[in-house]
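Novice: Following this message is one structure expressed as structure tokens.
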Amino acid sequence: MALNIPAGVDNIIGGLIYPPTGFHFSVVIEMFPQTPQDLRFQSVTGLSVSIQTETVAEGGENRFKHQFPTVPQYDKIVLKRGLFNGSFITTWCKNAIEHFQFEPHNVLISLLNNLHVPVATWHVFNAYPVKVSISEFNAEQNTIVIETLELAYQYYTTIGLDVSIAGGIGAAVSLAGGISASL
């Protein structure tokens with residue numbers, strides 16, 4: 001039995017079978033104006049949240065202690081990119097670090113498929129720069145100068161992974177006229 005899968009649907013279904021690759025992504029800091037350089041990043045790390053627990057002993061109960069969840073703790077996001085002159089993000093970081101003028105902005109981090117469509121998006125709320133570092137200058141190497149930005153933030157939410165995948169498959173199948181099988 002062979003499945004006739006309409007064009008475009010195979011890309012969506014492929015995302016359900018195999019995990020997406022991490023090299024195709026976008027980072028958008030919700031600030032205006034921006035330059036094309038403000039959207040280019042080499043890597044993103046720090047999308048991590050953990051919930052600590054508080055141990056409470058109950059009077060008269062000696063077999064165990066209760067473990068209760070506390071407030072979630074979010075790691076700092078680290079963005080790396082080539083050093084650009086005239087970047088509004090660099091100005092934003094400079095104002096925070098050098099002038100102590102913090103202006104929080106939301107950040108959208110999206111993992112993209114081969115059609116440049118987001119397969120996963122994280123909406124980071126009220127991010128602000130807490131550290132900027134520049135890679136070393138070395139006369140013996142021909143490397144690009146890397147700017148590393150570290151952002152603190154309140155929390156993040158994951159935007160519609162399961163809903164967008166299911167909706168995307170349904171929409172693609174209905175637009176393509178359905179999936180047919182033949183023996």
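Novice: Enumerate the amide H contacts of Leu47 below 5 Å, restricted to partners 5 or more residues apart or on another chain; note that Pro and chain-start residues carry no placed amide H.
Specialist: HN-HN under 5 Å from Leu47: empty list.
Novice: Something else about it: Using a Cα-Cα cut-off of under 19 Å, which lysines could be cross-linked to Lys76, ignoring same-chain neighbours fewer than 8 residues away?
Specialist: Answer for Lys76, where 19 Å is the Cα cut-off: Lys94, Lys131, listed by chain and number.
Novice: How about region 62-155: which GluC sites (Glu not before Pro) there lie in a loop by DSSP and see at most 15 other Cβ atoms within 10 Å?
Specialist: Of the GluC sites (Glu not before Pro), the ones in loops of region 62-155 whose Cβ has at most 15 other Cβ atoms within 10 Å are Glu136, Glu140.
Novice: Using 0.36 nm times the number of residues separating Gln52 and Val28, minus their current alpha carbon distance, what extension gain do you get?
Specialist: The Gln52-Val28 span can extend by a further 5.6 nm.
Novice: Moving on. Would you please give the residues with an amide H less than 5 Å from that of Lys131, counting only those at least 5 places away or on a separate chain, with H modeled from the backbone geometry?
Specialist: Glu150
Throughout, read-outs are computed from the coordinates displayed, never taken from laboratory work. Keep in mind the model is a prediction, meaning the values are calculated, not measured. All Cβ positions, even for glycine, are placed from backbone atoms using ideal geometry, and neighbour counts span all protein chains on display.
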